[in-house]
1. Of everything in region 123-164, what is modelled with pLDDT of 90 or more and polar (S, T, N, Q)? Give them in sequence order.
2. Considering VAL114, VAL96, which residue is surrounded by 13 or more Cβ atoms within 10 Å (Cβ to Cβ) and either under 30 Å from TRP44 (Cα atoms) or in contact with a Ser or Thr (Cβ under 9 Å, 6 or more places away or on another chain) (or both)?
3. In region 3-43, how many are at pLDDT below 95 and β-branched (Val, Ile, Thr)?
4. Just a yes or no: is a residue in region 76-84 surrounded by 11 or more Cβ atoms within 10 Å (Cβ to Cβ) and within 30 Å of LEU30 (Cβ to Cβ)?
5. Going by the conditions given, is ILE141 in contact (Cβ under 8 Å) with a residue 60 or more places away in the chain, surrounded by 13 or more Cβ atoms within 10 Å (Cβ to Cβ) and either outside any helix (DSSP H, G or I) or β-branched (Val, Ile, Thr) (or both)?
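The values are calculated or read from the model by the stated rules, or taken from the named source; none is laboratory data. All values reported here derive from a predicted model rather than from experimental measurement. No Cβ is skipped: glycine too gets one built from the backbone with ideal geometry, and neighbour counts run over all protein chains shown.
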Amino acid sequence: MKKVNDLLFKFLLEPAVKITGVLLLLVIMLQIFGRTFMSTPPSWTEEMSRFFFLWYSFLACAVTLRAKQHLGLDYFYRKFNPGFRHILDYVIQILVLGFGAYIAFYGVQLLSIVAKRKAPISGWSMTYFYLILPIMGVLFILIAAEHLEELVRANKIKKEGFAE
């Protein structure tokens, strides 16, 4: 699982986050330039900035979750004994897995609803805007599965008395 996720994140997701972030910045700069120096700023910049912001936020959320750099309450976590922390690690990953499944399932259902709608300015199908939801759900499932696999492997090594 780790090798698949390594390839997926290194060659697809991390570059996509960087590209989307740069595009978001450029579109917003164009929007600011248009409002400041043009009599009629480009109307598509507002819609595109929303699109890029959604995709950037959700993809970056997955990258951050995988790197375990998301917000956490480490202060309280460290107060627990190691045995309870181990159980809590499993519970957290199972919750992330469940959340990913929920988002993926209902994201796909939402796509069928918004497929009939068009974005007001670009005329794009709203499917492109909401497609990030099931993608993020699947990414959360993959991340949680990888983290659960790491927990099981670490527990197995610990029980056998081997060190990595």
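1. Within region 123-164, SER125, THR127 qualify.
2. Result of the check over VAL114, VAL96: VAL114.
3. 4
4. no
5. no
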